[in-house]
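The values are calculated or read from the model by the stated rules, or taken from the named source; none is laboratory data. Not measured: the values here are computed from a predicted model. Cβ placement follows ideal geometry from the backbone for every residue including glycine, while neighbour counts extend to all protein chains displayed.
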Amino acid sequence: MQDAYYTNTIALTGTDPEAKRRELREYFTATYEQYEKLFDLLADESAYYAQPNAQRHPIIFYFGHTAAFFINKLVVAKLTDRRINPEYESIFAIGVDEMEWDDLESAHYRWPELAKVRAYRDAVKAFVLEMIDAMELTLPIGWDDPAWIILMGIEHERIHLETSSMLFRELPVASLRPNALWPLCPEQGDAVQNELLEVPEGVVLHHADIRHPEYYGWDNEFGFKRTEVAGFKASRYLVSNGEFLPFVRSGGYTERRFWDDEGWRWVEQNGVTHPHFWVPEGEGYRYRALAQEIPMPWNWPVDVNALEAKAFCNWLSEQTGESLRLPTEDEWYRLHQHTGVRRVPPFGKDDGNINLTQYASATPVTANRHGEFYDVIGNVWQWCETAMHPFEGFVTHPVYDDFTVPTFDGKHAMIKGGSWISTGNETLARSRFAFRRHFHQHAGFRYVSGGQGAQDEIDIYETDGLISQYCEFHYGEEYFGVANFPRAMAELANEVMQGRRKGRALDLGCAVGRASFELGRYFDEVEGVDFSTRFIRHAIELKEKGRLAYYLKEEGELTRPVTRSLASFGLKGGNVAFWQGDACNLKSIFTGYDLIMALNLIDRLYDPALFLGTVHERLNEGGVLILSSPYTWQDDSTPKDKWLGGYRDGEHPVYTLEGLERLLGGRFELIRGPEAVEFVIRETKRKFQHSLSEVTVWVKR
């Protein structure tokens, strides 16, 4: 099959720009024409307007969508201001991500005639070829180059080559017309007995630098991650239709105990009793392939979603007494590494049933050997128990900033390894795709036992605007030359504590914890306390996972995802603990400190005098109290009769420093300050709060 089309993604490096231009032209043309050849499987024009899946548009949408994508992205990238057909570039712009099984409303779409869509595709093809011929092209091709946007369109169309073929499998057979370009594997037989084989422990290192890409990649593929993978056992073969059959016949789809809540809800709502591409026939089943039904190939891999795969693992665990599960993404990489499978193109027939090198269908699970295992890549995608998450250093491409971000919700499970129709970028070992767990793709699974399983690999992005502001305030960039405030205050504390005991420190009003972690550099023990459990949750997440993820507001409704890690700041947190607590009513266990620091806190307390009147009880003799505040007194946080300053007593203005001296003077000595320390809080890309916090340092008499 591959002989007819250029299916290997192209390298971005080279020494001859004009040779690379020709290669890019060939890759685009092959991609564009092969996509159209897939649609030649449709029996007649009416099939283009069929909607085989209620959560998807009619087929005609996908025929026009990939062409419109080229124009829309070229416009966004400011590489052209020319529109081929503004109406088509609107109606074919946005597909449907199956976020829920009921997320596509039954709306009325007036889809254009097929002949007009074909003419539109022809016009787009000519335009893109002109663009390739005329654009500046330097090597290596980088993230910001025009050729990257062309490759974005090419690889996007290759994704839709695969996802559109899935829709074809859901069309009535009468709507399709098989042809020789898309041949089925003729080899069928009985299921083979599966077995578990050892995969030794090892280190999986992912380091893809967006500044020096070797091949085109989607945003989630770039960044850094190092994982020490414990040894585990993995099934020699993918689970076949025959191996899956006993689960079906034993009532696996009717037994609640095998399913998690999400899976059981899916089963009940959809009345599922067998895999999606099994067609009941009498007491048995036939198999739905790309464009036809065939006798059930029991030795081919079963096509199921992640919910079914997990339920099968639970069932088989009960049958065998062995704890079985889906592999993690890192375990898949370790298996790939262990078996020595080729990582990058070119891929040929001997590498496996991938890249359209063998058939337009699956093949027996015993057909493609990779070391001791089979189908480490190819045949069908393999579900992982890992949810899609970003690597450290993740950034979105400004031209396609929503490619991956919607999947960072903990609900999209990853698939690895590619399928028989995975081509281009999809064939790379580093490619990372994820779908909702109820979604059907050309995907099956292998099971594993032992190892560590999925731990804390999921980043759930914080969407609350205030929390995100604090996350950025503590761990984000420094703006307008103003130093990071929590870090600066911890450094100030260290200066003050020179020559003093640095045993235990308390960070009151710690918010999301940066100052607590910074104090951990200098003190034996640090405790961070905040009234808000939402803030504390993020501080604890950083301590436990070492990273934090949140959305940063850009403008209006537009946001961008950000991940921060303790390691990037040289912080560890092993001697830091976080608690929820009320500064005005702290539990008695919070005592015996050499330092108490309360940053920008007193003007947010409901009774600051109560706090200041008892804080000495929690400090050791000679202990230090550091206060900072912009003195932004407001009734909604502090009743006016509780303000320490910022009001008039008759004609006399009362400033907060006077209130502090009145409350603390008897038990503390002011040894430093008042002095102003700047801080900047980012609200949006173009709006910032630039404030001065007045700092005073007191020592217990």
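Scanning region 351-380 for residues that are closer than 21 Å to Tyr447 by Cα, among the acidic types (Asp, Glu) and surrounded by fewer than 21 Cβ atoms within 10 Å (Cβ to Cβ) turns up just one, Glu372.
Say whether the condition of being closer than 12 Å to Tyr253 by Cα, among the β-branched types (Val, Ile, Thr) and within 30 Å of the chain's Cα centre (by Cα) is met by at least one residue in region 299-319. No; the residues of region 299-319 include none that is closer than 12 Å to Tyr253 by Cα, among the β-branched types (Val, Ile, Thr) and within 30 Å of the chain's Cα centre (by Cα). Quick check on region 310-317. Is at least one of its residues in contact (Cβ under 8 Å) with a residue 40 or more places away in the chain and hydroxyl-bearing (Ser, Thr, Tyr)? No; the residues of region 310-317 include none that is in contact (Cβ under 8 Å) with a residue 40 or more places away in the chain and hydroxyl-bearing (Ser, Thr, Tyr). Restricting to region 255-314, and then to whatever is in contact with a helix residue (DSSP H, G or I) (Cβ under 8 Å, 6 or more places away or on another chain) and small (Gly, Ala, Ser), can you tell me which residue is nearest to Gln188 (Cα to Cα)? Top of the filtered list is Ala289.
One line per residue, one yes/no per condition, for (1) assigned to a loop (DSSP other than H, G, I, E, B); (2) touching a helix residue (DSSP H, G or I) at 6+ places or on another chain (Cβ under 6 Å):
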position: Glu23; (1), (2): no, no
position: Ala30; (1), (2): no, no
position: Glu36; (1), (2): no, no
position: Ala47; (1), (2): no, yes
position: Pro52; (1), (2): yes, yes
position: Ile71; (1), (2): no, yes
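Just one residue in the set Arg56, Arg83 is touching a residue at least 24 places away in the same chain (Cβ under 8 Å) and assigned to a loop (DSSP other than H, G, I, E, B); that residue is Arg56.
Among what's in region 387-396 and is more than 28 Å from Val75 (Cα to Cα) and of a type outside the set (D, E, K, R), pick the residue that is surrounded by the fewest Cβ atoms within 10 Å (Cβ to Cβ). Result: Phe391. For the residues Gly263, Gly271, the requirement of being small (Gly, Ala, Ser), assigned by TED's automatic domain parsing to the domain that holds Val203 and surrounded by fewer than 17 Cβ atoms within 10 Å (Cβ to Cβ) singles out Gly271. The listed residues are Lys685, Lys642, and the only one of them that is of a type in the set (D, E, K, R), within 18 Å of Ala583 (Cα to Cα) and touching a residue at least 24 places away in the same chain (Cβ under 8 Å) turns out to be Lys642.
Cβ-Cβ distances below 8 Å connect the following pairs, each with a first residue in region 322-336 that is at pLDDT 95 or above, a second residue that is in a loop (DSSP other than H, G, I, E, B) and polar (S, T, N, Q), and a separation of six or more residues or different chains: Thr328/Gln452. Taking strands (runs of 3 or more DSSP E) as the structural unit, those lying wholly within region 609-672 and holding at least 1 residues that are closer than 22 Å to Leu586 by Cβ correspond to 619-629. Can you find a residue in region 428-451 that is among the β-branched types (Val, Ile, Thr) and closer than 28 Å to Thr7 by Cα? Within region 428-451 (the criterion being among the β-branched types (Val, Ile, Thr) and closer than 28 Å to Thr7 by Cα), the answer is no, since none of the residues qualifies. Scanning region 590-606 for residues that are farther than 20 Å from Arg701 by Cα and surrounded by fewer than 16 Cβ atoms within 10 Å (Cβ to Cβ) yields a count of 1.
Screening Val512 with (1) over 30 Å from Tyr647 (Cα atoms); (2) out of contact with any His (no Cβ under 7 Å at 6 or more places or on another chain) gives one miss only, at (2). Looking only at region 175-208, residues that are surrounded by 12 or more Cβ atoms within 10 Å (Cβ to Cβ), among the aliphatic types (A, V, I, L, M) and assigned to a loop (DSSP other than H, G, I, E, B) come to 4 in all. Could you list, in sequence order, all residues of region 561-589 that are crowded, with 18+ Cβ neighbours inside 10 Å and either of a type in the set (Lys, Arg) or outside any strand (DSSP E or B) (or both)? Scanning region 561-589 gives Arg564, Leu566, Leu571, Gly573, Gly581, Ala583, Leu586.
Inspect region 340-360 for any residue being without any contact (Cβ under 8 Å) to a residue 24 or more places away in the chain, assigned by TED's automatic domain parsing to the domain that holds Gly418 and aliphatic (A, V, I, L, M) and give the result as yes or no. Checking region 340-360: not a single residue is without any contact (Cβ under 8 Å) to a residue 24 or more places away in the chain, assigned by TED's automatic domain parsing to the domain that holds Gly418 and aliphatic (A, V, I, L, M).
Of all residues in region 615-628, none are free of Cβ contacts under 8 Å to residues at least 24 places away in the same chain, surrounded by fewer than 16 Cβ atoms within 10 Å (Cβ to Cβ) and among the hydrophobic types (A, V, I, L, M, F, W, C). Of the residues in region 332-346, how many are assigned to a helix (DSSP H, G or I) and in contact with a Ser or Thr (Cβ under 9 Å, 6 or more places away or on another chain)? Residues that pass the stated criteria total 3.
All of Ala54, Ala19 fail the test of being over 22 Å from Glu426 (Cα atoms) and at pLDDT below 95, apart from Ala54.
Considered as a group, the residues in region 521-539 that are surrounded by 22 or more Cβ atoms within 10 Å (Cβ to Cβ) and either outside the structural domain of Glu694 (by TED's automatic domain parsing) or small (Gly, Ala, Ser) (or both) include one that is nearest to the chain's Cα centre (by Cα), and that residue is Ala539. When the criteria are applied in full, Gly393 fails the requirement of being of a type in the set (Gly, Ala, Ser), in the same structural domain as Gly252 (by TED's automatic domain parsing) and more than 26 Å from the chain's Cα centre (by Cα). Within region 357-374, the set of residues being under 18 Å from Ala289 (Cβ atoms) and among the small types (Gly, Ala, Ser) comprises Ala360, Ser361, Ala362, Ala367. Note on region 484-510: among residues that are without any contact (Cβ under 8 Å) to a residue 60 or more places away in the chain and in a loop (DSSP other than H, G, I, E, B), the one that is farthest from the chain's Cα centre (by Cα) is Gly499.
Please verify whether region 593-600 includes one or more residues that are over 30 Å from Glu477 (Cα atoms) and in the same structural domain as Ala493 (by TED's automatic domain parsing). Yes, the conditions are met somewhere in region 593-600.
Output the number of residues of region 397-424 satisfying the condition of being surrounded by fewer than 23 Cβ atoms within 10 Å (Cβ to Cβ) and either among the hydrophobic types (A, V, I, L, M, F, W, C) or not in a loop (DSSP other than H, G, I, E, B) (or both).
So the answer is 6.
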